[in-house]
Amino acid sequence: MLEAIDLVKRYGPVTALDGFTLHVEAGEIVGLVGHNGAGKTTFVEIVSGLIRPDSGRVTIHGKSPTAARGQVGVAPQHIGLYPSITVREHLELYGRLAGLRKAGLRSAIDDMVVALRLTEIINRKTGALSGGQQRRTQAATALIHRPSLLLLDEPTAGADQETRDAMLGVVKQCAGEGAAILYTTHYLPELTVLGATIAVARQGKIIARGTDDELLKDLPG
Ligand code: ATP
């Protein structure tokens with residue numbers, strides 16, 4: 001579904017990706033972990049079609065990231081919402097941009113309200129929301145069109161338990177419905193809850209991949 005082979009990306013003297021190879025199947029949750037600066041966000045940005053690698057190949061359903069953009073949902077690490085419009089207006093905007101209209105749009109919004117627990121905040125402007133409420137809103141904008149590939153870059157950073165629970169619940173639900181999910185995080189217990197395959201990034205490449213049990217087995221001692 002998502003295939004990335006031997007990606008290299010340099011920023012001047014800094015090599016952000018250095019032979020980064022990773023694939024994610026339909027219905028699979030891959031948890032991408034690694035130290036600050038390991039290249040996780042750079043990889044997400046390449047798959048999102050926001051930046052291009054210097055070399056290597058990425059395909060989504062066999063298509064380039066730009067050609068596959070409509071099938072991808074992205075919740076970037078840094079929250080990017082419009083502070084003076086409401087949560088509902090965000091969902092209408094992102095839904096319309098993805099081609100949803102009328103009853104389809106209304107029912108997609110209703111689904112997001114339930115899945116991400118937005119009832120209390122749906123008519124509030126996002127500039128007045130807490131960090132966790134903004135995270136849930138941002139995830140809803142990424143999910144509204146039911147993408148077949150979902151890229152979540154640290155979606156629970158700074159989130160409280162309610163937001164964390166809502167996020168993990170919706171991610172499991174999407175994977176259960178067949179979406180491929182790439183989930184970057186610094187919180188390993190979340191990946192156990194998700195039953196994710198863990199991919200460990202280090203210095204711009206994937207150095208290990210497996211379930212948490214498999215990776216623990218490989219540790220020395
Ligand atoms: P974190 O866990 O802190 O979010 P990360 O694994 O997402 O880190 P990246 O943000 O992909 O890491 O950064 C990888 C490397 O590339 C780092 O050394 C970073 O400083 C560098 N880098 C990323 N974006 C840029 C940029 N736009 N210009 C210059 N260097 C960059």
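Can you tell me which residue in segment 178-190 is nearest to the ligand (Cβ to nearest atom), limited to those that are at pLDDT 95 or above and either small (Gly, Ala, Ser) or surrounded by fewer than 22 Cβ atoms within 10 Å (Cβ to Cβ) (or both)? The qualifying residue nearest to the ligand (Cβ to nearest atom) is 180. Residues in segment 29-55 that are over 18 Å from residue 70 (Cα atoms), crowded, with 18+ Cβ neighbours inside 10 Å and either of a type in the set (Phe, Trp, Tyr) or more than 8 Å from the ligand (Cβ to nearest atom) (or both): 29, 30, 31, 32, 33, 43, 53. Taking every residue in segment 71-83 that is closer than 15 Å to residue 167 by Cβ and of a type in the set (A, V, I, L, M, F, W, C) and pairing it with any residue that is open to solvent by less than 60 Å² (accessible area, probe 1.4 Å) and part of a loop (DSSP other than H, G, I, E, B), at least 6 positions away or on another chain, the pairs with Cβ-Cβ distances below 6 Å are 74/48; 75/155.
Here the condition is being open to solvent by less than 10 Å² (accessible area, probe 1.4 Å), within 16 Å of the ligand (Cβ to nearest atom) and in contact with a helix residue (DSSP H, G or I) (Cβ under 9 Å, 6 or more places away or on another chain); of 151, 143, it holds for 151 alone. Residues of segment 154-168 that are in a helix (DSSP H, G or I) and either buried (at least 16 other Cβ atoms within 10 Å of the Cβ) or under 14 Å from the mean Cα position of the chain (by Cα) (or both): 163, 164, 166, 167, 168. Screening residue 7 with (1) within 30 Å of residue 100 (Cα to Cα); (2) within 14 Å of the ligand (Cβ to nearest atom) gives one miss only, at (1).
The values are calculated or read from the model by the stated rules, or taken from the named source; none is laboratory data. Treat the numbers as computed from the prediction; the structure is a model and nothing was measured. Quick reminder, even Gly has a Cβ in these numbers, built from the backbone with ideal geometry, and neighbours come from all protein chains shown. The accessibility values were calculated without ligands, DNA or RNA, using every heavy atom of the protein model including side chains. Shrake-Rupley method; radii C 1.70, N 1.55, O 1.52, S 1.80 Å.
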